[in-house]
Amino acid sequence: MEPLVDIVIEDARWDAFGIEALAEAAVRAAFAELGLDPKGFSLCLMGCDDARIMELNGDFRGKAKPTNVLSWPSEERAT
């Protein structure tokens, strides 16, 4: 089965949680519950530290503080 989630680990502390398997299971369950075909969807999960997510939150949202979620709509939905 092809993975549904692209995983980027920037902080090795996330390795201890088995984040790859958890993310795959959660995404598959969500698609199944919603009756959605995963084709046409792109998901990426990044495991990083507070400093990195604070940098990204500042760059993309103008908020200089850590957050637990950053998300962007697809090009098609944004128009």
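The values are calculated or read from the model by the stated rules, or taken from the named source; none is laboratory data. Everything quoted here is computed from the prediction, not taken from an experiment. Because the Cβ atoms are built from the backbone with ideal geometry, glycine has one as well, and the counts that use them run over all protein chains shown. We work out accessible area using only protein heavy atoms, side chains counted, and drop any ligands, DNA or RNA first. Shrake-Rupley method; radii C 1.70, N 1.55, O 1.52, S 1.80 Å.
Lys/Arg Cβ at +1, Asp/Glu Cβ at -1, dipole of the chain taken about the Cα centre: which of CYS48, VAL69, LEU4 is farthest positive-ward?
Positive-most Cα among the choices belongs to VAL69.
Ignoring ligands, DNA and RNA, what percent of the accessible area of the chain is carbon or sulfur (1.4 Å)? Working shown, then result.
Details: 3580 of 6340 Å².
Of all accessible area on the chain, carbon and sulfur atoms account for 56 percent.
Could you tell me the relative contact order of the chain? Use alpha-carbon pairs under 8 Å, at least six residues apart, and round to a whole percent.
Once normalised by length, the contact order is 31 percent.
So what's the back-of-envelope 222 nm ellipticity for the chain, counting only DSSP H runs of four-plus at -39500 (n - 2.57) apiece and dividing by all residues, rounded to 500?
On the way: 3 runs with 32 residues, N = 79.
The helix-only estimate for the chain comes to -12000 deg cm²/dmol at 222 nm.
Over all distinct alpha-carbon pairs, what is the Kirkwood Rh of the chain in angstrom? The partial results should precede the final answer.
Numbers: mean 1/r = 0.0702 Å⁻¹.
Kirkwood hydrodynamic radius for the chain: 14.2 Å.
Pairs of Cα atoms under 8 Å, at least six residues apart: use those to get the relative contact order of the range 1-46, whole percent. If you can, show how the numbers build up before the last one.
Working: 30 pairs, mean separation 29.3, N = 46.
Reported relative contact order: 64 percent.
Given a 1.4 angstrom probe, what's the average accessible area per residue across the range 1-64, in square angstrom? Let's see the in-between values first.
On the way: 4760 Å² over 64 residues.
Dividing the accessible area of the range 1-64 by its residue count gives 74 Å².
Helix 19-34 sits at what angle to the longest principal axis of the chain, using alpha carbons and giving 0 to 90 degrees rounded to 10?
Result, in degrees: 50.
Between the helical axis of 50-61 and the dominant principal axis of the chain, each derived from Cα atoms, what acute angle in degrees is found, rounded to the nearest 10?
80 degrees
The chain: which trypsin sites (Lys or Arg not before Pro) are DSSP loop and have at most 13 other beta-carbon atoms within 10 angstrom?
Working: sites: ARG13, ARG28, LYS39, ARG52, ARG61, LYS63, ARG77; in loops: LYS39, LYS63.
Of the trypsin sites (Lys or Arg not before Pro), the ones in loops of the chain whose Cβ has at most 13 other Cβ atoms within 10 Å are LYS39, LYS63.
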